[in-house]
């Protein structure tokens with residue numbers, strides 16, 4: 001008589017983990033796609049940071065949230081200064097020195113640009129090359 005063995009539970013768990021890891025490798029996760037290439041939003045955010053551009057805003061500002069949402073998963077890469085005195089890592093003195101009157105305000109190449117800006121406008125203002 002042949003006796004069947006029950007599969008071990010830990011092999012099922014590890015098997016599922018392998019499937020999840022494999023899917024992340026194939027389909028990508030976060031600002032990178034399946035090819036491993038950074039998204040346009042991530043590339044633009046990195047470019048803005050590398051060129052010294054800054055977004056001044058306030059945590060409670062809905063327009064700032066809208067601007068960050070345009071960058072999707074790459075929003076955390078934005079060069080951001082919190083102007084609200086009670087916000088996290090707040091720098092209200094710097095915002096006052098810069099003459100920030102409303103949020104968001106972008107500083108690019110020493111110029112201030114108030115208001116929510118489309119990504120293509122931020123790309124133009126910061127000399128970011130257009131997507132292929």
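Hey, can you tell me all the residues within the range 32-83 that are modelled with pLDDT under 95, in contact with a strand residue (DSSP E or B) (Cβ under 6 Å, 6 or more places away or on another chain) and in a loop (DSSP other than H, G, I, E, B)?
Hits for the range 32-83: nothing passes.
Report, by residue number, each residue of the range 98-108 that is assigned to a loop (DSSP other than H, G, I, E, B) and surrounded by fewer than 20 Cβ atoms within 10 Å (Cβ to Cβ).
99, 101, 102 - these are the residues of the range 98-108 that are assigned to a loop (DSSP other than H, G, I, E, B) and surrounded by fewer than 20 Cβ atoms within 10 Å (Cβ to Cβ).
Kindly evaluate residue 95 against the criterion of being within 14 Å of the chain's Cα centre (by Cα), over 15 Å from residue 44 (Cβ atoms) and surrounded by 11 or more Cβ atoms within 10 Å (Cβ to Cβ).
no
Residue 88 is checked against (1) part of a loop (DSSP other than H, G, I, E, B); (2) touching a residue at least 60 places away in the same chain (Cβ under 8 Å) and fails just one. What number does that condition carry?
(2)
What is the residue count in the range 109-132 for residues that are in contact (Cβ under 8 Å) with a residue 40 or more places away in the chain and either under 11 Å from residue 56 (Cα atoms) or assigned to a loop (DSSP other than H, G, I, E, B) (or both)?
9
The values are calculated or read from the model by the stated rules, or taken from the named source; none is laboratory data. Bear in mind that the values here come from a model prediction, so they are computed numbers and not experimental data. Cβ coordinates were reconstructed from backbone atoms using ideal geometry, including for glycine residues, and neighbour counts include every protein chain displayed.
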